[in-house]
Amino acid sequence: MRSPTFDHKITNKLSKRRPGTPSDSGNSTTPAAETNSSHIFKATSIERSAKGNNKLSLIFALLLAIPLAFILNKAMVCKQDVHDSIPDCDSDTFTDYTTKTPQCTTIGDCNCDNNDDKRFDTSSSVPSPGSTYLIRASSSGKLLTLDSGNVVLAQPAANRGSSIHWRCIEVKGWLHFQNVASGCYIGHNFWGNIICSARNPGGWERFTARLRPEGGYYLMMTHFERLWKVGIRDGMLAKIEEGEWGGMVRTGEGNYEVIVWEFVNV
């Protein structure tokens, strides 16, 4: 049988305990509502973060899609423009713009450009490989002549036979003129003077003939990366830079004037 004193002590100890104080056993007394609230907050944060990432991804995709769509649209427009600009070869409206070189240039008897282009009632042929020509200065009628190893202009009356005949050949797209009598090719030396001593056509024997709108041709030779016209310099035939930059060209047989040539097929 317990004593009253022992019951009184137990009663006092129980009365001194506060509600919500953890028991002596050490078990947690955290409310269930507090735990559920924490889980809900974490889930909400994760959901908001996911939504934010989705928005950023959508914005980034739009930023990429807009310029890509613009580029594709521009490419389609350009392709359509190119397609529209190319004529249909099978259509009736196709136009051939190929420039055709006339077979000959008719030389009249009028005087043009300070009387330096006296014309004759003959025809000037187009210089073509495989043909032989008399090469004539249109302003005086003098012929390109090989005289004692020198290339000069001489009157037709002072005919040196085959020394006035020049055979035209083509090498790598360039024209070359071979004197029939000597077998040598006309060209230029280091100073640009016209000579005829090369046994084989090389870089200094290259020519191109440019048709003038007024008739006749310019004989042009390479000068490094440029083309210079054949004319007169210090009384000698030479390649000169007159008219290199376009514009008006001084033609004739005076000093630093460009010679207009005619080619008479023989």
Problem - Virtual spin-label span in nm between residue 128 and residue 181, 7 Å along Cα→Cβ - result: 2.8
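Run the numbers for residue 208 and residue 62: contour at 0.36 nm per residue of separation, minus the present Cα-Cα distance, in nm. Mind showing how you got there, number by number?
Working: separation 146, 0.36 × 146 = 52.56 nm, distance 6.06 nm.
46.5 nm is the gain from fully extending residue 208 to residue 62.
Taken together, the values in this text are just the output of simple stated rules run on the coordinates, not laboratory data. Note that the structure is a prediction, hence the values are computed from the model and not measured. In this analysis, Cβ positions are derived from the backbone assuming ideal geometry, glycine residues included, and neighbour counts consider all displayed protein chains.
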